[in-house]
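Below: the structure, in structure tokens.
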Amino acid sequence: MIKVITYGTYDMLHYGHIRLLQRAKLLGDYLVVGVTSDDYDKTRGKINNKQSLMERIEAVRNTGYADEIVVEEYEGQKIDDIKRMGIDIFTVGSDWEGYFDYLGEYCKVIYLPRTEGISSSQIRTEKRKLRIGIAGVTSFIGKFINEAKFVNGVNVSGIYAPGHEELYGLSPASSYSDLLGEVDAVYVVSEPRRHYQDIKAALSAGRHVLCESPVALSSGECSELFSMARERGLILMEGIKTAYSTAYARLVLLAKSGKIGHVVSVDSVCTSLEEDTTGTSWNAMCKWGPTALLPVMQILGTGYRSKTFFTKFSDERTNSDAFTKIDFVYPSAVASIKIARAAKSEGTLIVSGTKGYIYVPAPWWKTDYFEVRYENQERNNRYFYQLEGEGIRYEIVVFAKSVELAGGGGVISEEVSRTIAEIASDFNDRKDMVTFS
Ligand code: CTP
């Protein structure tokens with residue numbers, strides 16, 4: 001019996017795939033089809049499959065050509081599979097010509113001509129063309145525009161940021177309402193004090209919103225915007241890129257799973273020493289506060305009993321804080337964050353538990369790695385994950401998917417967004433604050 005194996009993603013199965021499977025089957029008597037897992041696809045840079053692994057497997061099964069289906073989960077698995085299953089022929093489309101010659105050591109390698117004129121990427125692009133406009137300007141807009149290029153079906157098509165648009169080669173809109181007229185969604189990066197009005201205008205015009213944190217500067221305004229989005233069937237998503245990094249998401253789950261015992265403290269530090277070249281007034285509270293607060297709120301929840309700000313202002317009139325430390329007391333834990341734009345510290349995240357702790361090295365907010373450490377060092381574990389584009393790319397994928405599916409997918413709950421807005425508001429009101437000079 002001649003055994004044949006082929007691998008692929010098979011997202012939105014099309015006739016190119018079917019023809020490939022048909023010809024692969026004819027090469028022998030028994031066809032094994034390897035379908036890539038979502039995690040493996042991520043490590044290969046394929047991040048926006050429209051269908052889940054189960055749906056893709058089901059579609060391959062329904063073609064009737066596969067005698068057996070395996071999931072491809074790791075680099076090097078092909079060699080393992082070929083040896084384990086006694087495969088005689090490995091085959092893929094000619095778009096991979098030469099790439100798998102190394103498998104010739106284990107079995108025969110055949111490249112079948114690729115069907116012209118069709119691909120999953122093309123179908124995804126045709127199906128979902130989300131035009132995103134940018135409202136406002138910050139230092140990382142360039143990164144956002146670049147990362148959006150990796151996401152099929154998303155097109156950053158305009159900007160409204162008087163005086164700055166030439167920096168990014170985008171067609172500038174003459175007013176915010178003009179921009180809203182030309183796009184399906186906006187990425188709001190205006191100054192934090194403008195977020196409420198900019199989001200409200202976008203939602204009123206029927207546009208979806210991805211907003212750089214914080215969504216608003218009071219919890220009341222934040223709730224109002226979320227209700228407005230819900231009533232109109234629109235997506236309002238808070239953009240904290242770290243929330244979309246796999247390492248971060250996994251460490252939150254790990255902390256909650258009891259692996260380090262009961263969590264007694266979450267301590268996060270985010271600082272930068274940088275000149276604001278965009279001329280806007282993102283203070284440390286708005287620039288770093290939401291990111292630093294994220295693990296506190298996502299691990300311990302939003303129900304803290306009390307908090308105290310310790311702030312050194314560089315200019316109190318403009319609310320510009322050089323350095324702020326916030327201490328939180330929860331019913332059975334404590335937390336602290338340190339944020340700064342004019343002071344520097346080690347940007348680590350430490351989650352302390354009764355059995356061990358999670359350590360994320362600096363800069364923790366864009367890490368692909370963390371450690372779980374115990375008293376007995378032999379039990380220590382290191383966890384590595386792929387991180388593309390500091391999380392921005394995944395954030396755009398999740399946003400585009402939420403728009404397409406009309407909901408779901410967001411990883412920052414409305415309650416966390418509201419609490420972040422409430423803390424920003426207390427900061428502005430100098431509530432629970434001790435200042436020093
Ligand atoms: N294939 C083919 N003809 C096409 C598209 C794909 O023969 N028009 C083959 C590929 O060469 C591969 C298999 O089908 O052997 C699975 O391909 P996959 O990467 O899942 O599909 P693509 O449509 O190429 O996906 P993408 O656009 O995301 O790269």
Counted charge near Val351, where neighbours are those whose Cβ lies closer than 14 Å (Asp, Glu -1; Lys, Arg +1) = +3
Hz values of 3J(HN,Hα) by residue in segment 348-359 - Karplus curve (6.51, -1.76, 1.60), Gly and Pro given as x | 9, 10, 10, 10, 9, x, 6, 10, x, 9, 9, 10
Calculate what fraction, in whole %, of the accessible area of segment 108-258 sits on carbon and sulfur atoms when a 1.4 Å probe is rolled over the protein chains.
-> 50
Nearest-20 debye value, segment 282-424 charge dipole, Cβ charges on Lys, Arg, Asp, Glu | 300
Mind checking which lysines have their Cα closer than 19 Å to the Cα of Lys401? Skip sequence neighbours fewer than 8 apart in that chain.
-> Lys42, Lys46, Lys50, Lys127, Lys129, Lys149, Lys241
Angle in degrees between helix 392-405 and the longest Cα principal axis of the chain, rounded to the nearest 10 = 80
Given charges at beta-carbon only (K, R positive; D, E negative), |dipole| of the chain in Debye | 500
Using a probe of 1.4 angstrom, how much of the accessible area of segment 296-437 is carbon and sulfur, in percent?
-> 46
When only DSSP loop residues count, what trypsin sites (Lys or Arg not before Pro) in segment 100-157 have their Cβ near at most 16 other Cβ atoms within 10 Å?
-> Lys129, Lys149
Considering amide H positions built from the backbone, and no H for Pro or chain starts, which residues 5 or more places from Val71, or on another chain, come under 5 Å of its amide H?
-> Val35
Just the accessible area per residue of segment 114-164, please: how many Å² with a 1.4 Å probe?
-> 44
Picking from Leu180, Val71, Met285, whose Cα lies most toward the positive end of the charge dipole for the chain (charges on Cβ: Lys, Arg +1; Asp, Glu -1)?
-> Val71
Determine which aspartates and glutamates satisfy two conditions relative to Lys143: a Cα distance under 15 Å, and not lying fewer than 8 residues away in the same chain.
-> Glu165, Glu212, Glu388, Glu390, Glu395
Segment 306-424 - accessible surface per residue (Å², probe 1.4 Å) = 45
Per-residue HN-Hα couplings for segment 107-118, Karplus 6.51 cos²θ - 1.76 cosθ + 1.60 at θ = phi - 60°, whole Hz, x for Gly and Pro?
-> 7, 6, 10, 10, 9, 8, x, 6, 6, 6, x, 8
Could you run the Karplus curve 6.51 cos²θ - 1.76 cosθ + 1.60 with θ = phi - 60° over segment 215-230 and give me ³J(HN,Hα) per residue in whole Hz, x for Gly and Pro?
-> 5, 8, 9, 8, 5, x, 5, 4, 4, 4, 5, 5, 5, 4, 5, 4
What part of the accessible area of segment 14-64, given as a whole %, is carbon or sulfur when the probe is 1.4 angstrom?
-> 52
Between Tyr106 and residues 5 or more places away or on another chain, which pairs have amide H atoms under 5 Å apart, with H built 1.01 Å from N, and which residues are they?
-> none
Using Cα atoms only, what is the angle between the long axis of helix 15-26 and the major principal axis of the chain, expressed in degrees (0 to 90) to the nearest 10?
-> 40
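The values are calculated or read from the model by the stated rules, or taken from the named source; none is laboratory data. For clarity, every value in this text was computed on a predicted model and none was experimentally measured. All Cβ positions, even for glycine, are placed from backbone atoms using ideal geometry, and neighbour counts span all protein chains on display. Note: accessible area is taken over every heavy atom of the protein model, side chains too, but ligands, DNA and RNA are not part of it. Shrake-Rupley method; radii C 1.70, N 1.55, O 1.52, S 1.80 Å.
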